[in-house]
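Student: Here it is, the structure, as structure tokens.
The values are calculated or read from the model by the stated rules, or taken from the named source; none is laboratory data. Since this is a predicted model, take the numbers as computed values, not measurements. Every residue, glycine as well, gets a Cβ built from its backbone with ideal geometry; the counts of neighbours run over all protein chains shown.
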Amino acid sequence: MHEGEPLIEWDWIARNGDQILGRLVQHIGLTVIAVGVGLAISFALALLVHRRRSLYPPLTGIAATLYTIPSIALFAVLTPITGFGSILTAEIALVGYTLLILLRNIVSGLDNVPPDVREAASAMGYSRGQQLWRVELPLALPLIIAGLRVATVTTVGLVTVAAVIGQGGLGQLILSGLRSFFATPIYVGAFLSLALAFAFDFALIQLQRLLTPWGAERSRN
Amino acid sequence: MGRGTLQELMDALIAWITDPAHWTGSDGIPVRLIEHLQLSGASVLVALLIALPLGAYIGHTGRLTLVAVTIANIGRAMPTLALLVIFLPFILRAGLGLGFWPTFLPLVLLGIPPILVNTYVGIGEVDADVREAARGVGMTEAQILRRVELPLAVPAISAGIRTASVQVIATATLGALVASGGLGRYIIDGIALQDNPRLIVGAVLVALFAVGVDRILGFVETRVAPRAAMTSQVAQGGAA
């Protein structure tokens, strides 16, 4: 950012390949853990809602309020409790942000199963558990994966903010560039996190094609 | 964390909040709050001035939809921290300095996609029969847009403004990293100085501010459009 400095110093990138790769891997790890744990929690909550509908409004209310809190504030408030630079500090907040989208999408996915399909399944002698696992969940998959896509892309962005509390994967590159007024790591970090978001999104679209082949079949007809 | 240290933290927190020095001057809570409000408000306002006409044009004509979708997708996937810093080298070279401009410009850009998308989706979803009827009674295209389409799209547009506002408020906090004022100062300085009370007060104020604005705008939304809940579910913004 100094006078005469090129916007991107390519040889810095070549020299720091290991560091960049390390940050990328860390970023992927933080994202996968957050979305994975978030999915497990949301799934359990959605099954609970499936049984007891009255729990849905308060649960989404809490998740929505959590979602509105700026990530930097949540990271900051956890820091004195779980420690600066700890993965736990980052993950508690990151998992929290996935809950609203995932819970909503899993519940509406299960809601969207047509009643005749449900009746047919129970007429065929499926128990409630079998019905859920073999009929309702597969039919809810498109909405669940749609939720996963939004949650994952959002999480990739939020992970960069965790750099402020000493985590953050690619966010660390951005922050270190900012602190030393050196543009190259800023652009490397920004570009890679954007690319990572699109790569995750693309991968999840492919996963959906793989898991719901009937979806493509139907849209072709 | 043991019970003793938690007690110490609580005591330090109460001492920080009740210290009158933290309520006056340029680093006092009222000033930081007003800075945050001004920065966020100005950014959302400028974003609205750009996104509303553009969204109305796209929604009415159906042109440039691909451009809008692309802007929205990139806007959604772009990490806010990245958005905040990628223009910094240009802003510094333009001689605008640290502080206001490096925060304000990214915040405007951040505010545009939710308002743009909700405006054109809201207008695009206006019933074709309604539009035909308006043409039938002899309204010009501009009149249709102003008197029919925009009023019908108000619920969607206000939802977009709400999403944009919450994201802008959250990201304005990060502006402290580029020497901007606002409540983010307490968080960033609190981390740098390892001053936990300052950090926690800042975080709680930012959270209350964001949730409060979201609630107020949500209330306004139901006021301007009692049918909002029944009409379409328009784009939901991401956390920031």
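Student: Is there any pair with a first residue in region A:122-150 that is within 14 Å of chain B (Cβ to nearest Cβ) and within 30 Å of residue A:197 (Cα to Cα) and a second that is buried (at least 17 other Cβ atoms within 10 Å of the Cβ) and among the basic types (Lys, Arg) whose Cβ atoms are under 8 Å apart and which are 6 or more apart or on different chains, and what are they?
Tutor: Correct list of pairs: A:147/A:104.
Student: Here is a follow-up. State all residues of region B:189-206 that are in contact with a Gly (Cβ under 9 Å, 6 or more places away or on another chain), within 23 Å of residue B:111 (Cβ to Cβ) and more than 7 Å from every other protein chain (Cβ to nearest Cβ); if no residue qualifies, say none.
Tutor: none
Student: Can you pull out the residues in region B:48-80 that are closer than 11 Å to residue B:121 by Cα and under 21 Å from the mean Cα position of the chain (by Cα)?
Tutor: Hits for region B:48-80 are B:55, B:56, B:68, B:69.
Student: Looking at the structure I just gave you, is residue A:191 more than 8 Å from chain B (Cβ to nearest Cβ) and in contact with a Ser or Thr (Cβ under 7 Å, 6 or more places away or on another chain)?
Tutor: No: the conditions fail for residue A:191.
Student: Which residue pairs have Cβ atoms under 8 Å apart, sit 6 or more places apart or on different chains, and have a first residue in region B:136-160 that is without any contact (Cβ under 8 Å) to a residue 40 or more places away in the chain and a second that is of a type in the set (Val, Ile, Thr) and outside any helix (DSSP H, G or I)?
Tutor: Listed by first residue and then by second, the contacts come to B:148/B:126; B:152/B:126.
Student: Give the residues of region B:65-95 that are surrounded by 15 or more Cβ atoms within 10 Å (Cβ to Cβ) and not in a helix (DSSP H, G or I), sorted by residue number.
Tutor: B:78, B:79, B:87
Student: Also, I was wondering about something else. Looking at region B:203-215, is at least one residue touching a Leu at 6+ places or on another chain (Cβ under 6 Å) and not small (Gly, Ala, Ser)?
Tutor: Yes, region B:203-215 has at least one match.
Student: Against the definition (over 21 Å from residue B:216 (Cα atoms), in contact with a Ser or Thr (Cβ under 6 Å, 6 or more places away or on another chain) and within 11 Å of another protein chain (Cβ to nearest Cβ)), how does residue B:99 come out, yes or no?
Tutor: no
Student: Follow-up question, since we're still on this one. Out of (1) facing chain A (nearest Cβ under 10 Å); (2) at pLDDT below 90, the odd one out for residue B:183 is which?
Tutor: Unmet condition: (2).
Student: Sticking with this one: Just give me the residues in region A:156-167 being facing chain B (nearest Cβ under 9 Å) and touching a Phe, Trp or Tyr at 6+ places or on another chain (Cβ under 8 Å), in sequence order.
Tutor: Once the filter is applied, which keeps residues that are facing chain B (nearest Cβ under 9 Å) and touching a Phe, Trp or Tyr at 6+ places or on another chain (Cβ under 8 Å), region A:156-167 yields A:156, A:158, A:161, A:164, A:165, A:166.
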